Every structure is written in structure tokens, then in C-alpha cells.
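Below is one structure, written out as C-alpha cells; the observations come after it.
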Amino acid sequence: MAGDPRSDRRLSMDVAKEMERAGHEYKANKKWVARTKARPPRDLDEQFHGEHEEAFSRIDCLDCANCCKTTSPIFRDIDIDRLARHLGIRPAELVDRHLHMDNEGDYVLNQAPCPFLGDDNYCSVYEARPRACREYPHTDRKNMLPILPLTLRNTLVCPAVARILRSLREN
């Protein structure tokens, strides 16, 4: 859209097409992850960080919000306390209203999309969002090697992660 500062240097993104492409590339990404885990390059983190910067210079999460629409972050006790305080409710009330414990013993949202996601893809609790949301999609972390399986799964959720792995795989 002309005049929209988000459109400068950003690619228009058809999320459905990006996710379809990511699905088609899943096997190739899985092979790349297996090879990389077996013989990791010394500069793996730097490679990821460079591709992360490139991807997010072109993709605006507000154009997508697929992570918020399809998955749930893990809520740690500190996240529950912070969010409850932000909402002006007790932590137990937050858990009763919005969370349940999954099979792995973690608190996750009862529903998708996230109840705090607005129609404009803005988060209504952004300042108090869980750590998992703050760090998503985890492609700019130190020590990427142990989270490569998570990164592979995230290619099916986040178009930026799919682009990052595609670029790493092709280089």
C-alpha cells in the first residue's frame, strides 16, 4: 500500500502460498537439518543471524501473525504472573480462563488463534507477552544447533523461518 511505512523494503506476502511452499520443501529442510546436526559448520549461529536479519528486513510479522493464529507459546510461571498483573487479574484466573496444561506439563493456550490477537494482527498484551512470544521464531539465538528440530517445525508456521532455512540450504 503506497504511503504505508511497513511496505518500504518489505515483500508483499501471501501467507497461504508461503506455507504451501514450506510444506513442499519440508523434506529438503529435514535433510539439511540432519546433515547440519551431523556436521555443524563453526559459524552456524552467524549464518542464522545473517539470514534472520535479511528475512526480517523484508517480512513484517504484522502482515502474517501465523504463529499467533495457529500455535501456542509455552507459559512459564513468570509469564503467567506478568500477564495476569498486566490484565489486572489473579494468576489463577488467567489459567482458568485461557490456559491448560499440555501432555508435557507446560501451560499453553486453550485456543487458537491467541485470544489476545486483534483483527489487525496486533497483540493486545504485547508488553506482557510470554517469553516464548518475545523470542519467536528463535532464529537469532546463540547456539542454534540444539534447536534445529524446533526450527524445522517452525518452517511450517513462520514464512520467515521457511525463507531462512531455504536460504541456508541453498548456500
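Would you confirm, using the coordinates I've provided, whether R85 is over 27 Å from V15 (Cβ atoms) and basic (K, R)? Judged against the criteria, R85 is a match.
Every condition in (1) at pLDDT 95 or above; (2) surrounded by fewer than 16 Cβ atoms within 10 Å (Cβ to Cβ) holds for S57 except the one numbered (1).
Given K37, K30, K69, which one is touching a residue at least 12 places away in the same chain (Cβ under 8 Å) and either under 15 Å from the mean Cα position of the chain (by Cα) or part of a loop (DSSP other than H, G, I, E, B) (or both)? I'd like the intermediate steps shown before the answer.
Numbers: K37 fails: either under 15 Å from the mean Cα position of the chain (by Cα) or part of a loop (DSSP other than H, G, I, E, B) (or both); K30 fails: either under 15 Å from the mean Cα position of the chain (by Cα) or part of a loop (DSSP other than H, G, I, E, B) (or both).
Answer to the check: K69.
Residues in region 106-148 that are of a type in the set (S, T, Y) and over 15 Å from the mean Cα position of the chain (by Cα): Y107, S124. Close contacts from region 98-122, counting a first residue that is among the aromatic types (F, W, Y) and buried (at least 17 other Cβ atoms within 10 Å of the Cβ) and a second that is at pLDDT 95 or above and in a loop (DSSP other than H, G, I, E, B), with Cβ to Cβ under 6 Å and a gap of 6+ residues or different chains, come to F116/S124; F116/V125. Considering D79, D140, the condition of being assigned to a loop (DSSP other than H, G, I, E, B), in contact with a Phe, Trp or Tyr (Cβ under 9 Å, 6 or more places away or on another chain) and not hydroxyl-bearing (S, T, Y) is satisfied by D140 alone.
Residues in region 61-82 that are surrounded by 15 or more Cβ atoms within 10 Å (Cβ to Cβ) and among the polar types (S, T, N, Q): N66, T71, S72.
The values are calculated or read from the model by the stated rules, or taken from the named source; none is laboratory data. Everything quoted here is computed from the prediction, not taken from an experiment. In this analysis, Cβ positions are derived from the backbone assuming ideal geometry, glycine residues included, and neighbour counts consider all displayed protein chains.
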